[in-house]
Amino acid sequence: MAQSAQAVRKGEQWRRIWDLQAFMAVARAGGFREAARVGGVSASSLSETVRRLESGLGVRLLNRTTRSVAPTEAGARLLDRLGPALGEVEAALDVVNGFRGRPAGTLRLNVPVVAAKLVLPRLLPPFLAAYPDIRLEVTAEDSFVDILASGCDAGIRYDERLEQDMIAVPIGPRRQRFATAAAPAYLDRRGRPDHPRDLLHHACLRGRFASGFMPPWEFERDGEVVSVEPTGPLLVSTGTAMALALDVAVAGGGIVSLFEDWLRPYFDDGRLEPVLEPWWQEFSGPFLYYPGRRLTPAPLRAFIDFVGGMRWD
């Protein structure tokens, strides 16, 4: 009887963990259908699981409408605590991966759009080929997020945006540059700038972060740093929308500022021409960062080791 009661308690504990995971999945997805699609379960099953959790706690965790699902105040507070806690549980359970022939499981990464475009395409095909039992989920966004609270195992950021108390390892090219460019036809028509301040008289295609901050264009040459706030006919959100600014630049609509590696193919085929190249500012490359917890999930450990063996020069 004692063993039977203990088994029941263990079963209830595992069910409660599953209920919490289901709640977190629905809250993050913003709905039962989307959470069900991602998790490969039915929406009705998730709905019943969350309802059971709320009933057991005696508190409503989600506000439901016909169009959306959002956490209540109690649900939001629970969600904030669940991310790190369940991450530790998953890491602890993942220790058994060390007894497998090869790592398996899901690896979740949060990366800026530029890293998804310039770093991951070279890295992921050989990594996924080497670890066929690992499933990779990548969220590409330029807003600053807490990777633990967002349910991710690791992220990629540049050094000025790294979170504190994180372990960081280099990933991607160690030195990069911001570059400015325009179509030859535009430069033939409007002239070629000789100094960064000349950009104040040109049509410049700007980017703006989700926070509303619009970074100035910065240049450096022989120790002189120049920051300008050019204007122009187009303003887009940073990230994927920068591809639109690039298309407009190729069409002759103005001067664009992006990572040099992003613009390099356009320089090579002549669609764009470098502008103010001697003034392009150099900066250090990105880092893979992750929490310094005692137990690192096997998929993340495999990824860290793989990144460490890559050559980027």
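I'm trying to understand the selection: among the residues of the stretch 66-79, which are surrounded by fewer than 14 Cβ atoms within 10 Å (Cβ to Cβ) and either within 29 Å of the chain's Cα centre (by Cα) or not polar (S, T, N, Q) (or both)?
Arg67, Ser68, Ala70, Glu73, Ala76, Arg77
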Subset of the stretch 291-302 [of a type in the set (Gly, Ala, Ser) and either in a loop (DSSP other than H, G, I, E, B) or open to solvent by 30 Å² or more (accessible area, probe 1.4 Å) (or both)]: Gly292
Which residues, counting only those in the stretch 20-44, are more than 27 Å from the chain's Cα centre (by Cα) and at pLDDT 80 or above? Ser44
What residue, among those in the stretch 40-73 that are assigned to a helix (DSSP H, G or I) and of a type in the set (Lys, Arg), is nearest to Val26 (Cα to Cα)? Arg51
Does Met214 fit the bill of being closer than 30 Å to Tyr131 by Cβ, touching a residue at least 12 places away in the same chain (Cβ under 8 Å) and open to solvent by 40 Å² or more (accessible area, probe 1.4 Å)? no
Please tell me if Asp194 is charged (D, E, K, R) and modelled with pLDDT under 95. no
Just to be sure I understand, how many residues within the stretch 194-239 are assigned to a loop (DSSP other than H, G, I, E, B) and farther than 25 Å from Glu282 by Cβ? 6
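The values are calculated or read from the model by the stated rules, or taken from the named source; none is laboratory data. Just so it is clear, the structure is predicted and the values come from calculations on it, not from any experiment. Cβ coordinates were reconstructed from backbone atoms using ideal geometry, including for glycine residues, and neighbour counts include every protein chain displayed. Please note that ligands, DNA and RNA were not included when accessible areas were found on the heavy atoms of the full protein model with its side chains. Shrake-Rupley method; radii C 1.70, N 1.55, O 1.52, S 1.80 Å.
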